[in-house]
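Asker: If you scroll down you'll find the structure; I have some questions about it.
Just so it is clear, none of the values below were taken in a lab; they were calculated from the coordinates. A quick note: this is a predicted structure, and the numbers were derived from the prediction, not measured. Using ideal geometry, Cβ is built from the backbone for each residue, glycine included, and neighbour counts are taken over all protein chains shown.
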Amino acid sequence: MTVHLSLPHLSQPLKLWEKLELVTGEGDETGIYTARIEDFVAEGIIISSPEFVKGHTLLRENADVLIVFTKDDATYQCHSCIKKHPIDGKNLYLLARPSKTKRVQRRQFVRVDMLKHLEYTQLRPVVDWDNLAEGQKWLTATTENMSGGGAMIRIDKELEFDDRLLIKIGFFPGQGLPDTVAGVVRRVFTLEKQIMAGVEYIVADRLVDYFKSDDLKRLPDAVKRFDRRAQNRLVSYIFQQEIELRKKGLL
């Protein structure tokens, strides 16, 4: 029995019983499954019976799959095809030898399920900017998932695409991040009667793309401190959360 498999561009070899995430299908129709490595053979990787996690596409024989796994330094992905592999009269699952292995760069904003409390307020064109701090109504919400680029949040009052927000996320100051960031709504939908909003954080050098110069001057100073370096700190935090969850078998 072979106990590990080295792949190009991979910092550490794949090992027996390592957990893999298998993604099949495209876009919103993807299906996500997990499996463990049971053996390495000439044709590829023998895995345990894949377990369904979520999604809308069934994992069928000869289906193309994206394999996602995490090492100490990064998350990696590679391409393969799932097949049935007969051994000793049993049909086992085989991932054809992976190809196109690559490190998922942090700038691609790995998204992790995280339940975090936050407050947000909607910036309307008629807002009295001189009384921004006192005059705005702040609403509470929780995150469904987060990345270095934004968050999916559960809200009670529906927002609209392209709405501008100020967002206060409780754990940010503890990570050396500004207590308030600006955001723009990219997606609004309802999931099992819960209103969801996908929000992109606006980094400091892009504020001019979303706010007029006079309005920009009146934004809280904290918003202007969410620059690329701050975003990189957030990305590192999210990335470490993902690694810890995967080590615990929760992803």
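Asker: Can you tell me, using C-alpha contacts under 8 Å and at least 6 residues apart, the relative contact order of the chain as a whole percent?
Answerer: 13
Asker: Let me ask something additional. How would you order 189-198, 17-26 from highest to lowest mean count of nearby Cβ atoms within 10 Å?
Answerer: Packing order, densest peptide first, comes out as 17-26, 189-198.
Asker: Another question, if that's okay. Tell me the angle of helix 228-247 to the major Cα principal axis of the chain, expressed in degrees between 0 and 90 and rounded to the nearest ten.
Answerer: Approximately 40 degrees, to the nearest ten.
Asker: Would you mind counting up the charge near ILE67? Only other residues with Cβ under 12 Å from its Cβ, with Lys and Arg at +1 and Asp and Glu at -1.
Answerer: The answer is +1.
Asker: What's the FRET efficiency of ASP179 with LYS54 using the Cβ-Cβ distance as r and R₀ = 41 Å, to the nearest 0.05?
Answerer: With a Förster radius of 41 Å, E is 0.80.
Asker: Next up: Sorted by packing (mean other beta-carbon atoms within 10 Å per residue), highest first, where do 203-210, 43-50 land?
Answerer: Order by mean packing, descending: 43-50, 203-210.
Asker: What is the calculated FRET efficiency for SER99 to ASP221, with r their C-beta to C-beta distance and R₀ = 41 Å, to the nearest 0.05?
Answerer: 0.25
Asker: Please report, in debye to the nearest 20, how large the charge dipole of the chain is about its Cα centre when each Lys and Arg carries +1 at its beta carbon and each Asp and Glu carries -1 there.
Answerer: Here the chain has a charge dipole of around 600 debye.
Asker: In percent, what relative contact order does the stretch 112-244 have, based on Cα pairs under 8 Å that are 6 or more apart in sequence?
Answerer: Relative contact order of the stretch 112-244: 25 percent.
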